[in-house]
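J.: Structure below; questions to follow.
The values are calculated or read from the model by the stated rules, or taken from the named source; none is laboratory data. The structure displayed is predicted, hence computed values, not measured ones. No Cβ is skipped: glycine too gets one built from the backbone with ideal geometry, and neighbour counts run over all protein chains shown.
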Amino acid sequence: MPDHVSQPRLLLRRLHSVMASGGRAQDRLNRVVRVIAQNMVAEVCSIYLTRAGGILELFATEGLKEEAVHTTRFLPGQGLVGLVAERGLPLNLSEAPQHPRFVYRPETGEEVYHSFLAVPILRMGQVAGVLVVQNVAPRRYSPEEVEVLQTISMVIAELVGSGELVAPDELTEESTATGEPITLDGMPLAGGVGAGVAVFRQPQVKISRTVADDIEAEQSLLEDALTEMRSQLEQMLEHPDLAHGGEHREVLETYRMFAYDRGWQEKMRDAVRSGLTAEAAVDRVQQENRARMFKIRDPYLRERIADFEDLATRLIRIIQGDRENHKIKLTEDSILIARAIGPAELMDYDQGYLKGIVLEDGSTTAHVTIIARAMGIPVLGRVSGLLTHVKPGEQVIVDSTTGHAYVRPAEDVIETYRATVELQEKRLALYAAERDLPAVTLDGEEISLFMNAGLLVDLPSLDSTNADGIGLFRTEFQFMVSPALPKVEEQTKIYAAALDAAGDRPVVFRTLDIGGDKQVPFLPREDEENPAMGWRAIRIALDRPALLRYQLRALLYAAAGRSLHVMFPMIAEVAELKRCKKILQKEVDRLTLHGRTPPKAIKVGCMLEVPSLSWQMDLLLKEVDFLSIGTNDLMQFFFACDRSNPRLADRYDLLAPPVLRFLRSIVQACHQADVPVTLCGEMGGRPVEAMALMALGLRRFSISPTSIGPVKRMVRTVELHKLSNFLEAHLDSSDHSIRDSFISFARDHNIKV
C-alpha cells in the first residue's frame, strides 16, 4: 500500500472525530473532504449526496471551485457520478475525460484532472451519495486505495443518516396509506387465503459503533459471532417442522451453506482489519452485496439477497449482544408485510398466528416461498408499492388464488371473504366425501385423474385426493435450489420417495425442464430475447448430456425392481427423442455392467408442447409408450402469445374452435396408434375446459391436487355422448370462443362446473 494510505485506521479516527465535533453538519462535511484529500494526497475530494428524485448534488469539495457546491447536479445515471450511483459499485479511471459517460461542468473547473476514483455512499441498502477523489496526473488507483475509500464512505454515511444535510422525508416515498380500502395486485407464490393484522418485518438493526478502538478485540468478536450464528442455524435445522426432510429442509441446508461462505467471511475480516468495528464490517459488506446484487439480472442470484440479509442481520444482533434465537411473539392472526425476507427468518414467527405473507419482491423459487409453501402459508409477491400502502396493525386479507391483497377492506369485503372461506370449507368437505368415488360419467366412461407434483411436500396429496398416480413429476426443482449440480445419490432419494409414496400407482418423471424462467445456479446464463423459445429443457440436456445421464442414472437406481415412466420435455422433432432414448439405453446397459437391479419395466414418453411435433405424429407414436400434451407451453406457441404478458392474458381463449380441433387431431392419432395420451397443464384442471377435453376423446388428465375434487365432481355429472355430440356441432364455428356455449350446456344439463 502506498505511504499516503498506509494509516487508514488513523484516517478513520480523524474523520470520526470531525463528525463527532459540534457545529453545522455542512461545516463538518467541508472538514471531512479536506482531511480525505490531505491523507490520500488527492488534488480533489468531493461528496455528492442524493436528493429527491435520485438527483446527485455536490455538497462539499476540496479542489473544485467553491461556487459549484449546491449548484452542480447530476440527474440519475448522468455523468460518471451518476454511473457510480446507478451501479452501486466503485469506478476507477486513469483518464476520466475519455470515458463515454463523462460530462463536463464548467462551473467545477475539473477539466485539468485526469485520474478519477469514486465509490458509492451506501445506507440501508440504497445509494445515499458518491465520494470522489481526483488527481491531475493520469494514474490508476490501487486496490488498497479503493478499499480505503469504501471504508471511509461508510463513516460518511453516519453523517448523512443524521438527517441534518438532506431531510429524511425528502428521500422517503410518501405513504399513500390513507385509511381508505385498497386492493393490491400481485403474483401468487404459495396458494391459499388468509386474513389478519399487518405485521412488518423486524426493523433493520442499527450500527452503534463504526470505528474500532481495538482491532484484535473486534476480530475476536466477529469470530465468536460467526460461531454462535452457525450454532443457531444447527438448532434451527432440528425444528420439528423439518424433521421429515423434503425440499424445505434442503433450502435451509443451502441457507446454512451461505453462513460458511469463505468469501463472505474474508470480506468482513478485511473490513475489520481496515479499522471498522465488527458490526460495521458486517454491515458494510452487506451494503456492498445488496447494491451489487440489485443490479444483477440473474433471478437466482437476486433471490439470494434476502438470504444474505437475514444472515447479516443475525450476525449483527449477536455482535451487539443479542444471542437469543428467539421467536417473534404474535398475539392474533397476522399477515407479514415485507420487501423480502430470508427463509430462516420466517421460522422466527409464531406459526400459529401467521396466516399469510405479502412481499414487494419474491418469486416462486425464492427460498422463503418454498418454506412457506411447506408450512401451508399463502404468499403473494411482486406487490408494487406495498410498503407505502399498508401500516402496522391494519386489517389485510390475502387471496393468493386470485392474486389480490385487500388492505383495510370494507365490511362487505370482509363478509364476502368469510363467506368464501365457509363455501371453500364446504366444498372441500364435499370433495373429501367423494374422495373414494370413481371418476365415471353418467353413461359409464371412466376418466383417469392423476396429479402433478414437483416437491416432496406435494406427495401426501396422492392419498388425500385418491389420485390415480402422478402424471407429471417435475424434477427441476431440486436443481433450482442447489448451488451445485445435485449428486446422483441426492437425486435418487427424491425420486425413490415419490415412488414409495405412490406405491402401486404410476409416477411419470419429466426430465429437467430448466432454462427460460427456470434458471439453475450452476449453468452459465445468457440474456435471450425470447427465453421461452430459447435454450431450455431438452435442448440444454442434449447440449450438456452429463446432466441428462446423471438424472437418468438416478431414476434407474430409484426404480430398481419397480416400473419407471420417463418423459422428455420440449421435444420439437422425433430425432431429438431418439437421441434421448439412446442416452437412456446407455444408462440401462451401465446398470447391467455394474450389477445393479434394473427397473422391472421402463416406459418412455414425451411432452407434446411444440406444435412442430404434431406433424410427425405417425413417426412419434412408433417411438413412445405414452404421450403427454403440455398445454401451458403448447398454447402460447400455438397462438404466438406470451402467457406472462398481462396485456395478452385474456386475448385468446383455450376453448377457441381452432384449439379444440388441433387437440382433437392429436387425441385421435394417439387412439388409432393405441398410445395412451394424458393432458398435463392448467387447462385440464378447470372443470369447463376439462369437460370440453373429455368431449374431444381425452380420458386421462394430470392436474394440480386441488383441481382433482372439482374435476371429479364434474365428471360424475356428465353424460358424455350428449356432450360429444354438442361439441361436434360447434367445432366448425368461426367464433372467438365457444366457452359461453359450454357453460350454457352445463347449466342446462345440471353439470357441476
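J.: Look through region 368-389, keep the residues that are closer than 15 Å to Leu336 by Cα and among the polar types (S, T, N, Q), and return whichever of them is surrounded by the most Cβ atoms within 10 Å (Cβ to Cβ).
T.: Checked region 368-389; the qualifying residue surrounded by the most Cβ atoms within 10 Å (Cβ to Cβ) is Thr369.
J.: Please determine, by comparing only the residues of region 109-166 that are charged (D, E, K, R) and under 37 Å from the mean Cα position of the chain (by Cα), which one is surrounded by the fewest Cβ atoms within 10 Å (Cβ to Cβ).
T.: Glu144
J.: Does at least one position in region 538-556 carry a residue that is modelled with pLDDT under 80 and at negative phi?
T.: no
J.: Please work out if Ser744 is in a loop (DSSP other than H, G, I, E, B) and small (Gly, Ala, Ser).
T.: No: the conditions fail for Ser744.
J.: I would also like to ask the following. Scan Ile397, Ile371 and give me the residue that is of a type in the set (Val, Ile, Thr) and part of a helix (DSSP H, G or I).
T.: Unique residue meeting the criteria: Ile371.
J.: Another one. Pull up region 627-642, narrow it to residues that are closer than 21 Å to Arg539 by Cα and either among the hydrophobic types (A, V, I, L, M, F, W, C) or without any contact (Cβ under 8 Å) to a residue 24 or more places away in the chain (or both), then point me to the one that is surrounded by the fewest Cβ atoms within 10 Å (Cβ to Cβ).
T.: Across region 627-642, the extreme among qualifying residues is Ala640.
For every residue, the table says whether it meets (1) of a type in the set (A, V, I, L, M, F, W, C); (2) buried (at least 24 other Cβ atoms within 10 Å of the Cβ); (3) modelled with pLDDT under 80; (4) out of contact with any Gly (no Cβ under 7 Å at 6 or more places or on another chain).
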{"site": "Glu309", "(1), (2), (3), (4)": "no, no, yes, no"}
{"site": "Lys327", "(1), (2), (3), (4)": "no, no, yes, yes"}
{"site": "Ile337", "(1), (2), (3), (4)": "yes, yes, no, yes"}
{"site": "Gly352", "(1), (2), (3), (4)": "no, no, no, yes"}
{"site": "Ala366", "(1), (2), (3), (4)": "yes, yes, yes, yes"}
{"site": "Lys391", "(1), (2), (3), (4)": "no, no, no, yes"}
{"site": "Glu394", "(1), (2), (3), (4)": "no, no, no, yes"}
{"site": "Asp399", "(1), (2), (3), (4)": "no, no, no, yes"}
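J.: Any idea which of Leu49, Leu10, Leu15, Leu80 is out of contact with any His (no Cβ under 7 Å at 6 or more places or on another chain), on the phi < 0 side of the Ramachandran plot, modelled with pLDDT of 90 or more and not β-branched (Val, Ile, Thr)?
T.: Leu49
J.: Turning to a different aspect of this structure: Could you check region 95-188 for strands (runs of 3 or more DSSP E) lying wholly inside it with 3 or more residues that are of a type in the set (Val, Ile, Thr) and modelled with pLDDT of 85 or more?
T.: 126-135
J.: I need the full set of residues from region 547-579 which are surrounded by fewer than 22 Cβ atoms within 10 Å (Cβ to Cβ) and closer than 20 Å to Pro598 by Cβ, in order please.
T.: Arg549, Tyr550, Arg553, Tyr557, Ala560, Gly561, Arg562, Ser563
J.: Can you give me the number of residues within region 55-106 that are surrounded by 14 or more Cβ atoms within 10 Å (Cβ to Cβ) and of a type in the set (Asp, Glu)?
T.: 3
J.: Condition first: of a type in the set (Asp, Glu), more than 20 Å from Glu147 (Cα to Cα), assigned by TED's automatic domain parsing to the domain that holds His114 and over 41 Å from the mean Cα position of the chain (by Cα). Can you find one or more residues in region 26-33 that meet it?
T.: There is at least one residue in region 26-33 that is of a type in the set (Asp, Glu), more than 20 Å from Glu147 (Cα to Cα), assigned by TED's automatic domain parsing to the domain that holds His114 and over 41 Å from the mean Cα position of the chain (by Cα).
J.: Among the residues of region 313-324, write down those that are part of a loop (DSSP other than H, G, I, E, B) and either farther than 27 Å from Ala212 by Cβ or at pLDDT 80 or above (or both).
T.: Once the filter is applied, which keeps residues that are part of a loop (DSSP other than H, G, I, E, B) and either farther than 27 Å from Ala212 by Cβ or at pLDDT 80 or above (or both), region 313-324 yields Gln320, Gly321.
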